[in-house]
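Shown next, in C-alpha cells, is the structure this report addresses.
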Amino acid sequence: MKSVITIFIAAVLFIGSNALFTVQQGQTALVFRFGEIVDDNLKPGLHFKTPFVNNVRLFDARLQTLDAEPERYLTSEKKNLLVDSFVEWRISDAKKFYTAMNGDIRLANLRLAQIIKDGLRAEFGSRTVQEVISQDRRVIVKEIQANTGESVSNFGIDIVDVKIKRVDLPQDVSDSVYQRMEAERNRVAKDLRSQGSEAAERIRADADRQRTIILADAYRDAEKVRGEGDGTAADIYAKAYSKDPDFYAFYQSLNAYQQSFNNKMDMMVVDPKSDFFKFFNQQK
C-alpha cells in the first residue's frame with residue numbers, strides 16, 4: 001500500500017513539475033500543442049501547461065546588438081566610404097519571430113544585417129562625401145530606421161537604434177588623398193618661396209640703388225665741401241703770404257729742405273749755386 005502511495009505521489013510531482021514553467025525577466029515564451037502555437041508572448045512569471053501535450057520554448061527578449069564588420073559604400077560621386085555601424089534590436093512578437101526565423105537569433109542577425117546594409121547603401125548613395133561629413137548623422141540613422149522598420153516588422157522584431165560609429169575613407173583612397181594634399185601643399189610652398197625670392201631680389205635691388213644714390217650724393221657733397229675748404233684755405237694762405245713774400249719763400253724753402261733731407265741716407269747732387277740753396281748762400 002505504501003509503495004502505491006509513493007508511486008502516486010511521485011507521479012503527481014512529476015506531472016505537476018511538467019505542468020508548471022517559469023518565464024524569467026527578459027524572456028518571452030511560446031506554448032505549443034503538438035507543434036502548433038497555442039499561446040504566445042507570455043509575460044515573465046509562473047505559468048501552467050498541459051503535461052505531455054504542450055511544450056514551451058523560451059526566447060531572449062532583451063536588447064540584442066548586431067555589430068557588423070565595416071563595409072564600403074559608394075556615394076553619389078562614386079567615392080568609396082568605409083562605414084562602421086551597429087544595430088540594436090529586440091524581439092517584439094515571439095510568434096512572428098518563430099515563424100519567420102524559426103526562433104534563431106543568428107539567422108535574424110544575418111537577415112537584419114543585409115537589410116541594414118541595403119539601407120546604408122541607399123542613404124550613402126544619395127549623398128555626396130561633403131553631405132555625409134557635414135550633415136547630422138542622426139538624420140541618416142532616422143531615415144534608415146524608418147525605411148527598414150517596416151521590412152523587419154514581419155520578422156517579429158523591432159529596431160531600437162542604428163548607430164554609425166565611424167565614416168572613413170578606405171586606406172588606398174586615404175593615401176591618394178594624402179598624396180594629393182601633400183602635392184598641393186608643396187606647390188603652394190613653392191609658389192610662396194618663389195614670391196619671397198622675387199620680393200627679396202626686388203628689395204635688394206632697391207637697397208643697392210638707394211646705396212649708390214646715397215654714396216654719390218655724399219661724395220658730391222664732400223667734394224663740394226672739400227673744394228670750398230680748399231678755396232677758403234688758398235684764399236687765407238694768399239692773404240697771409242702776400243703780407244711778406246720773402247718770408248713765404250723762405251718758409252717754402254725750409255719745407256723743401258725738410259722733405260729732401262728727412263733721411264740720413266738721402267743724397268742729392270745739385271749745384272750749390274742753384275736757386276735751391278739760395279738761402280744757404282746768402283750772407284748775413
Does a label point 7 Å from the Cα of residue 38, set along Cα-to-beta-carbon, have any residues of region 93-108 with amide nitrogen under 20 Å, and which are they? 94-96, 98-99
Using packing as a proxy for protection, rank 69-81, 192-204 so that the peptide with the highest average count of other Cβ atoms within 10 Å comes first. 69-81, 192-204
Which residues' amide hydrogens lie under 5 Å from the amide hydrogen of residue 127, considering only partners 5 or more residues apart or on another chain, with H built in the peptide plane? 76
Tell me, 161, 39 in order of fewest to most beta-carbon neighbours within 10 Å? 161, 39
Between residue 248 and residue 53, what length in nm is gained on full extension when 0.36 nm per residue of separation is reduced by their alpha carbon distance? 54.4 nm
Using 30 Å as the Cα-Cα cut-off, could you pick out the over-long pairs in 43/165; 79/142; 78/190; 49/163; 165/190; 79/163? 43/165; 78/190; 49/163; 165/190
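Rule-based calculations on the coordinates, nothing more; no lab input. Fair warning: this is a prediction, and the values are worked out from it, not measured in the lab. Every residue, glycine as well, gets a Cβ built from its backbone with ideal geometry; the counts of neighbours run over all protein chains shown.
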